[in-house]
Amino acid sequence: MLDINFIRNNPEKVKEAISNKRETVANVDELLELDVQRRSAIHACEQLKSKRNEKSRAVSELKKKGQDASQIIEETKKIGDDIKSYEEKLKELESQIHNLHLRIPNIPAEDVPVGRDENDNVCIRTWGTRKTFDFTPLPHWELGSALNILDLERSSKIAGSGFILLKGLGSKLERALFSFMLDLHTGEHGYTEVFPPFLVNRMSMIGTGQLPKLEDDMYRTAVDDLFLVPTAEVPVTNIHRNEIFSYKDLPVFYTAYTPCFRREAGSYGKDTRGIIRVHQFNKVELVKLVRPETSYDELESLVRNAEKVLQLLGLEYRMSILCTGDLSFAAAKCYDIEVWAPGLEKFLEVSSCSNFEDFQARRINVRFRDEDGKLRFIHTLNGSGLALPRTVIAILETYQQKDGSVIIPEVLRPYMGGIEVITRK
RNA sequence: GGAGAGGUGGCUGAGCGGCUGAAAGCGACGGUUUGCUAAACCGUUGUAGGGACAAAAUCCCUACCCCGGGUUCGAAUCCCGGCCUCUCCGCCA
């Protein structure tokens with residue numbers, strides 16, 4: 001949510017930012033028009049209330065003296081009716097304004113390149129060297145199936161396409177990966193581990209910006225109006241909703257493992273093979289709540305924390321800054337990390353690290369009291385550290401051998417009971 | 001699922017129809033005192049919205065005692081609905 005005052009004072013700037021993000025600009029003018037109406041209604045309404053309060057006080061005085069107040073009471077009844085009609089008008093205006101306001105995206109940071117889509121993203125750095133093979137590397141679904149650690153036929157029998165059934169060392173590898181990531185982030189990077197609910201209410205989804213825009217992409221339990229989390233960002237960022245921090249308590253770093261549920265509406269036919277794009281996947285998330293003046297430094301260290309996972313796993317990756325057109329609704333600036341998958345011969349996004357500035361903080365109403373006692377909104381950030389299926393893809397495809405076996409990266413071996421290689425039985 | 005109790009400021013806790021944005025205490029902050037600390041004493045101590053001002057300071061108004069409705073000239077206080085917490089019973093991993 002943008003500051004309404006900022007929108008009032010900088011409408012052109014906001015519209016330019018929105019069009020750079022390739023979202024609807026029309027909302028801004030409509031919002032501002034309604035805002036003018038709203039303020040005049042507030043003014044009128046409050047003047048009436050002031051009058052009513054004055055009269056009520058007069059009634060009280062008269063009654064104390066034991067005098068008759070029926071005339072004033074009659075007058076005041078009429079004022080009450082007027083107030084009611086203004087309040088109805090105001091309520092209608094405010095709900096319209098709120099709906100529009102919630103749909104206005106965040107403004108990209110100054111240094112975000114203006115661009116149309118992912119082709120305009122700019123690579124910042126790369127890590128690792130391209131692995132070469134003296135045989136043709138297989139895609140992960142062939143490896144996983146032959147090793148009997150991945151069974152997509154049966155998972156689709158159970159739940160449908162886009163769901164994963166891991167077996168044996170496949171499940172163990174999954175568990176090893178998120179344990180390893182959590183240990184790294186808590187042990188080396190200063191994050192506190194949390195284990196949040198996997199279902200969240202509507203307020204939480206609005207708070208982080210998934211709603212109202214992306215409702216179609218979410219799984220929802222109709223009876224209770226709860227949503228399956230699309231990312232741990234939602235429950236974790238909402239931990240401190242409606243709270244006020246002392247400046248002494250910032251920054252706060254959280255890391256959490258959760259499954260993530262996404263309907264992937266509108267992406268049918270894309271990445272249908274294997275486990276590149278699925279409806280349920282595991283992810284370790286990093287979330288930071290920080291002071292505004294530190295948030296861009298914190299973004300840099302956040303992305304480094306995520307990169308560290310791939311470095312320790314020995315997987316080649318590249319890190320890019322997203323252009324305005326590819327930037328998500330709530331983000332001001334975002335880095336993507338993509339890992340190289342030799343069997344697929346392409347890069348796969350495994351992490352998206354974003355600074356939301358105070359956009360989410362306004363929605364979830366999280367502020368801090370600074371050294372001068374002033375209340376200010378915090379900045380929120382998050383990033384994957386990392387998304388598992390695509391990391392698994394990269395591991396299987398990168399460490400495959402000619403005989404179809406897969407070597408386990410050394411850092412994972414302690415989590416795998418010392419197993420060094422997954423072989424066909 | 002059944003029965004009951006309750007949700008008031010940073011916290012504890014009064015108020016149960018009329019200057020009550022809200023007593024008292026604690027905490028926090030500022031000051032006096034002090035060799036330092038402590039203690040004591042004095043003072044300050046909510047947020048949001050709207051308006052006045054070119055703007056800041058400031059001032060005025062409005063709202064907020066879990067949320068949403070209702071009754072009333074007037075609601076923290078009465079009534080209804082919701083959410084949450086606690087206790088007991090039942091059921092269950």
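The values are calculated or read from the model by the stated rules, or taken from the named source; none is laboratory data. In this text, all values refer to a predicted model and were calculated from it rather than measured experimentally. FYI the Cβ positions are ideal-geometry reconstructions off the backbone, even for glycines, and counts take in every protein chain you see. Calculation scope for accessible area: heavy atoms of the full protein, side chains included, ligands and nucleic acids excluded. Shrake-Rupley method; radii C 1.70, N 1.55, O 1.52, S 1.80 Å.
Some notes on this structure:
- Within segment A:366-406, strands (runs of 3 or more DSSP E) holding 1 or more residues that are within 16 Å of RNA strand B (Cβ to nearest atom) and farther than 30 Å from A:TRP340 by Cα: A:367-369, A:375-377
- Out of A:PHE356, A:PHE377, A:PHE368, one residue alone is farther than 19 Å from A:THR423 by Cα, hydrophobic (A, V, I, L, M, F, W, C) and open to solvent by 50 Å² or more (accessible area, probe 1.4 Å). It is A:PHE377.
- Residues in segment A:13-38 that are under 17 Å from A:ALA331 (Cα atoms) and in contact (Cβ under 8 Å) with a residue 60 or more places away in the chain: A:LYS13, A:VAL14, A:ALA17, A:ILE18, A:ASN20, A:LYS21, A:ARG22, A:GLU23, A:THR24.
- The single residue among A:GLY269, A:GLY274 that is outside any strand (DSSP E or B), free of Cβ contacts under 8 Å to residues at least 60 places away in the same chain and more than 23 Å from A:LEU100 (Cα to Cα) turns out to be A:GLY269.
- Residue satisfying condition, being open to solvent by 20 Å² or more (accessible area, probe 1.4 Å), under 22 Å from A:ARG130 (Cβ atoms) and either at pLDDT below 95 or more than 16 Å from RNA strand B (Cβ to nearest atom) (or both), within set A:ARG318, A:ARG363: A:ARG318
- Qualifying positions in segment A:1-45 - away from RNA strand B (no atom under 12 Å from the Cβ), in a helix (DSSP H, G or I) and of a type in the set (D, E, K, R): A:GLU12, A:LYS13, A:LYS15, A:GLU16, A:ASP29, A:GLU30, A:GLU33
- Taking the criterion of being at pLDDT 90 or above, assigned to a strand (DSSP E or B) and either open to solvent by less than 10 Å² (accessible area, probe 1.4 Å) or farther than 15 Å from A:TYR191 by Cβ (or both), the residues of segment A:227-252 that qualify are A:PHE227, A:LEU228.
- Whenever a residue of segment A:72-83 is open to solvent by 60 Å² or more (accessible area, probe 1.4 Å), its partners that are in a helix (DSSP H, G or I) and more than 7 Å from RNA strand B (Cβ to nearest atom), lying with C-beta atoms within less than 6 angstrom and at least six residues away or across chains, give the pairs A:ASP82/A:LEU48.
- Contacts under 8 angstrom Cβ, first residue in segment A:407-425 being closer than 13 Å to A:GLU174 by Cα, partner open to solvent by 70 Å² or more (accessible area, probe 1.4 Å) and assigned to a helix (DSSP H, G or I), 6 or more apart: A:TYR415/A:ARG175
- Qualifying residue in segment A:293-316 (condition: part of a loop (DSSP other than H, G, I, E, B) and touching a Lys or Arg at 6+ places or on another chain (Cβ under 8 Å)): yes
- Looking across A:LEU48, A:LEU93, one residue alone is within 15 Å of RNA strand B (Cβ to nearest atom) and closer than 30 Å to A:GLN360 by Cα. It is A:LEU93.
- Looking across segment A:261-306 at every residue that is closer than 22 Å to A:HIS140 by Cα and charged (D, E, K, R), the one that is surrounded by the most Cβ atoms within 10 Å (Cβ to Cβ) is identified as A:LYS283.
- Yes/no for A:VAL411 being assigned by TED's automatic domain parsing to the domain that holds A:THR231 and under 30 Å from A:GLU243 (Cβ atoms): no
- Tally of residues being within 9 Å of RNA strand B (Cβ to nearest atom) and touching a Cys at 6+ places or on another chain (Cβ under 8 Å) across segment A:51-86: 1
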